[in-house]
Amino acid sequence: MERITLFADVILPLPVPGTFTYRIPFELNEHVKCGQRVVVQFGRKKIYTALIRKIHEQVPAYAPKYILSILDENPIINETQFKFWEWLASYYMSTLGEVMNVALPQGLKLVSESSVILSPDFKADTITLNENEFNITEALHNRKKISITDVTKITGLQKTIPLIKSMIDKGIIQIEEELGDAFKPKLETYVCLHEDVRDDEQKMRTIFEELNKRAFKQLQVLMALMNLTLNGEEKVNEIAQSELIKSVDASHAQLKALEEKGIIRTYKKIKSRLNYTEASHEIQSIELSEYQHKALDKIQESFKEKEVVLLHGVTSSGKTEIYIKLIEEALQKDKQVLYLLPEIALTTQIIIRLQKYFGEKIGVYHSRYNKNEKVEIWNKVLDTDPNSSPYQIILGPRSALFLPYENLGLIIVDEEHDNSYKQFNPSPRYNARDSAIYLANLHKAKTILGSATPSVESYYNASHEKYALIELNQRYGGIQMPEILVADIKTETKRKTMHSHFSSFLLKHIEEALENKEQVILFQNRRGFSLRLECEMCDWIPECVNCDVTLTYHKKSNHLRCHYCGFSTTVPSSCPNCHSTKILMRGFGTEKIEEELALIYPSATIKRMDLDTTRSKNAYQQIISDFENRKIDILVGTQMVTKGLDFDNVSIVGILNADNMLSYPDFRSPERSYQLMAQVSGRAGRKKKRGKVIIQTFNPYHAVIRDVIDNNYIKSYKDILLERRNFNYPPYYRLLEIKLKYKEYNLLNEASDVLAQLLRDQFGKNVLGPEYPIVSRIKNQFIKSILVKIARDKSLLKTKEILAEQVSSFKKLKSYKSVQIILDVDPQ
């Protein structure tokens, strides 16, 4: 047989461009496949999990290192995923390694980069060890594992990888299990009657008599085992040990005694960490309204010509029911469906609604799952277990894009306007909505974007026939849109009718709702108790030691906290500047609203939904469930309460500080303010009666507020579009932001001016900055931003190539080598 030398181009989880070539050991030639994980050495000491991208016979110009081992029997990444990764890296100006880091769940990546353990098959008396090998095995006998650094210290060798590779080949050591595969299946102990006993009646009779005399408790356990298995309605031969112990209040010692007597047998089986629910409703039971029917028909017709449809449906118009019908169609064609949501908070309600119709076909994937749960879901989509059926529908936020889909037929991007679809850190800084459209294109699938308040870019694309546009302007069941009223804070402040941060107008309506046993949602887009503390005498304000921001006061923990870096400190008893004890609280967050409402309405149940109260895995689910079941009267929250949640009994929605959103210095402020206010307004009066929305503002005649009151998305869209056209912003121009970070203020100023000039030489007046952002220092790093505007008629690819060249030239300048450069394509 001809000995063929193969090489593999692999992707490493590092922010370095391109792939790296490794030699494949001859004995692995028949086993390597593209998409498998392998263990490789990179540099002198580091060991990484890499992914095989390409296998070939082309000899590289350098002497390549060997692949150390293969971690997978079958590929865990398919060709379509690789193409998607390559597009992401190219479009968002990142590297394949950075995409790999974001795409793969932690359980499929290296946990310990450089640990080795003794091979379980190693027997010292069968192998002659040299001095270095003997010293390493001795160390491993004393310690279960040692690092590569330890190996270097033990042997005194500079290059230890060849020695480690040799010891692996001899079967002396192996790369730690966790290094290769961090995923650990969940095991559960099962109990069954021993085969020698089960079919022998005489032996069974003897056992019963014996136990009855000497070990009556053991007899109870045995009888329970037989009742729960052999005599049940469905005869099964085994039962979970935990269930058996619970049924007769038995102990492990009694089970062990039965096992030692050869009466029962215990063994472990892999148990899924995921919960399964059977479908309880027929999809045919969904009755669409006339307007929903028309919208569904139009979507189906549009999909014949367009790949993307924008469904612009007002809040509570029944978009989810339309999605369910479209999902059913895709499943009938044996296609997979990806249902993207902007926030984990939304998944709870949507999961429950979809599980009614699709049961176990639905998988959920998001960051609150632990690493083992994520790998289980990954494998269920990949279907590596022949005894289980793969998920056909995946529900999740932006990270759900990266699962190993084989035949996607439909992608639904719900609340497509939402800012949460944009990844800000780390790289790639992708937008899941735009990326989903490209992923659908790779699978030849269809995409539906849904929103009551579409993003300006999406509505522009639909208006210019890039996407199909379907309008759904009627609420389901003929429910009226909420009545939107304005509480003029300026007037109430003058009249002294404000109660802390609540207008008398808002409090009157909250009182009415509580009297009628109805629920209230209050929206304030700031968490914490007080936005800042301030000395009344000298105006001193406590600031973060690492960031250029004031510290927010959290009353529950009685700490001042930075919401950027997490820095926390105690509240000073006096001003450190003038020693005055008159320190006042300014501004208010969700925590303060919750406390003050409790004083005003002591008999009401008030809860808060923000980042501080939803850190645990099931916290969202608990709050939403309690609110749905009317255990909560008033729900106070940040943006989480604005997004797609559907509650039957909400009659009042209060927006406590509309001016805060409108005054934010960003060209997207009018768009975002309209979206937030319109979305939170949509939570009111969703079932039996018309709800009310009360907007507290100092400027009741602001154009955006008037558009929200009139529910006039089109007018708001046209006003924003006119301003964007006048000042060359999206959708007329593309944006590319370059951020520079460095610890020294003066050097950063100098560096940013140099880079800005390099870019101006290429792009002229379309380069804005450098400017300091609103928060100009985070984690002791000063930040400056440069914005490049790219006209729609210019090649984005060519522009990015030129920009990359200029950034590369800048990085070669020794003075600025340590300045960090961050590229963000289509910043939000």
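The values are calculated or read from the model by the stated rules, or taken from the named source; none is laboratory data. Everything numeric here is computed off the predicted structure, so don't read it as measured data. As a convention, Cβ positions derive from the backbone with ideal geometry for all residues, glycine included, and neighbour counts pool all protein chains shown. Each accessible area value is taken on the protein alone, full model and side chains, heavy atoms only, with ligands, DNA and RNA left out. Shrake-Rupley method; radii C 1.70, N 1.55, O 1.52, S 1.80 Å.
Some points to look at:
- Reported count of residues in the stretch 353-375, each being open to solvent by less than 30 Å² (accessible area, probe 1.4 Å) and in contact with a helix residue (DSSP H, G or I) (Cβ under 9 Å, 6 or more places away or on another chain), is 10.
- The number of residues in the stretch 696-705 being within 21 Å of HIS509 (Cα to Cα) and in a helix (DSSP H, G or I) comes to 1.
- Only one entry in GLY232, GLY171 is in a loop (DSSP other than H, G, I, E, B), surrounded by fewer than 17 Cβ atoms within 10 Å (Cβ to Cβ) and modelled with pLDDT of 80 or more, namely GLY171.
- Failed item in (1) at pLDDT 90 or above; (2) within 18 Å of THR590 (Cα to Cα), with LYS643 passing the rest: (1)
- The numbered conditions (1) over 22 Å from PRO827 (Cβ atoms); (2) surrounded by fewer than 20 Cβ atoms within 10 Å (Cβ to Cβ) are all true for LEU395 except (2).
- Qualifying positions in the stretch 132-165 - open to solvent by 50 Å² or more (accessible area, probe 1.4 Å) and of a type in the set (Asp, Glu): GLU138
- Odd one out for ALA445 among (1) over 17 Å from VAL364 (Cβ atoms); (2) open to solvent by 10 Å² or more (accessible area, probe 1.4 Å); (3) not β-branched (Val, Ile, Thr): (2)
- Among residues that are crowded, with 18+ Cβ neighbours inside 10 Å and either at pLDDT 95 or above or part of a helix (DSSP H, G or I) (or both), VAL693 is not included.
- Scanning the stretch 110-131 for residues that are in a loop (DSSP other than H, G, I, E, B) and buried (at least 19 other Cβ atoms within 10 Å of the Cβ) gives LEU110, SER114.
- Checking PHE727 against (1) closer than 23 Å to VAL819 by Cα; (2) touching a residue at least 60 places away in the same chain (Cβ under 8 Å), the condition it does not meet: (1)
- Taken together, the residues in the stretch 621-642 that are in contact with a strand residue (DSSP E or B) (Cβ under 9 Å, 6 or more places away or on another chain) and open to solvent by 10 Å² or more (accessible area, probe 1.4 Å) amount to 8.
- Filtered residue count, the stretch 589-600, keeping only those that are open to solvent by less than 20 Å² (accessible area, probe 1.4 Å) and not charged (D, E, K, R): 4
- Members of the stretch 792-822 that are farther than 21 Å from GLU457 by Cα, hydrophobic (A, V, I, L, M, F, W, C) and not in a loop (DSSP other than H, G, I, E, B): ILE802, LEU803, ALA804, VAL807, PHE810, ILE821, ILE822
- Among the residues of the stretch 87-97, those identified as open to solvent by 30 Å² or more (accessible area, probe 1.4 Å) and touching a helix residue (DSSP H, G or I) at 6+ places or on another chain (Cβ under 7 Å) are TRP87, MET93.
- Residue match in the stretch 662-677 (condition: under 24 Å from ILE350 (Cα atoms), assigned to a helix (DSSP H, G or I), open to solvent by 20 Å² or more (accessible area, probe 1.4 Å) and of a type in the set (A, V, I, L, M)): yes
- Any hit, the stretch 774-783, residues being open to solvent by less than 70 Å² (accessible area, probe 1.4 Å), touching a residue at least 12 places away in the same chain (Cβ under 8 Å), out of contact with any Pro (no Cβ under 9 Å at 6 or more places or on another chain) and of a type in the set (A, V, I, L, M): yes
- Residues in the stretch 559-612 that are farther than 13 Å from LEU533 by Cβ and among the basic types (Lys, Arg): LYS607, ARG608.
- Members of the stretch 428-477 that are charged (D, E, K, R) and over 30 Å from PRO15 (Cβ atoms): LYS444, LYS446, GLU465, LYS466, GLU471, ARG475
- Exactly one residue among ASP249, ASP334 is at pLDDT 85 or above, at positive phi and loosely packed, with under 15 Cβ neighbours inside 10 Å, and that residue is ASP334.
- Residue count, the stretch 642-682 (criterion: under 19 Å from PHE505 (Cα atoms) and in contact (Cβ under 8 Å) with a residue 40 or more places away in the chain): 12
- ILE350 vs. criteria surrounded by fewer than 22 Cβ atoms within 10 Å (Cβ to Cβ) and within 21 Å of THR320 (Cβ to Cβ): yes
- Residues in the stretch 418-457 that are part of a loop (DSSP other than H, G, I, E, B) and under 17 Å from the mean Cα position of the chain (by Cα): ASP418, GLN423, PHE424, ASN425, PRO426, SER427, PRO428, ARG429, TYR430.
- Some residue of the stretch 303-319 being touching a Phe, Trp or Tyr at 6+ places or on another chain (Cβ under 9 Å), assigned to a helix (DSSP H, G or I), closer than 27 Å to GLN621 by Cα and open to solvent by 20 Å² or more (accessible area, probe 1.4 Å): no
- Against the conditions (1) open to solvent by less than 20 Å² (accessible area, probe 1.4 Å); (2) closer than 28 Å to ILE479 by Cβ, ASP610 satisfies every one except (2).
- The stretch 746-772, residues that are open to solvent by 40 Å² or more (accessible area, probe 1.4 Å) and not in a helix (DSSP H, G or I): LEU768, GLU771, TYR772
- Residue check for SER94: over 30 Å from ARG433 (Cβ atoms) and in contact with a Ser or Thr (Cβ under 8 Å, 6 or more places away or on another chain): no
- Only one entry of ILE76, ILE47 meets the criterion of being under 15 Å from PRO404 (Cα atoms), open to solvent by less than 20 Å² (accessible area, probe 1.4 Å) and of a type in the set (A, V, I, L, M, F, W, C), and that entry is ILE76.
- Taken over the stretch 588-632, residues that are within 19 Å of ILE344 (Cα to Cα), among the aliphatic types (A, V, I, L, M), out of contact with any Lys or Arg (no Cβ under 7 Å at 6 or more places or on another chain) and not in a helix (DSSP H, G or I) amount to 1.
- Of everything in the stretch 11-44 that is open to solvent by 50 Å² or more (accessible area, probe 1.4 Å), of a type outside the set (D, E, K, R) and more than 20 Å from GLU79 (Cβ to Cβ), the residue that is farthest from the chain's Cα centre (by Cα) is PHE26.
- Single condition VAL636 does not satisfy, out of (1) over 21 Å from the mean Cα position of the chain (by Cα); (2) part of a loop (DSSP other than H, G, I, E, B); (3) closer than 24 Å to ILE351 by Cα: (2)
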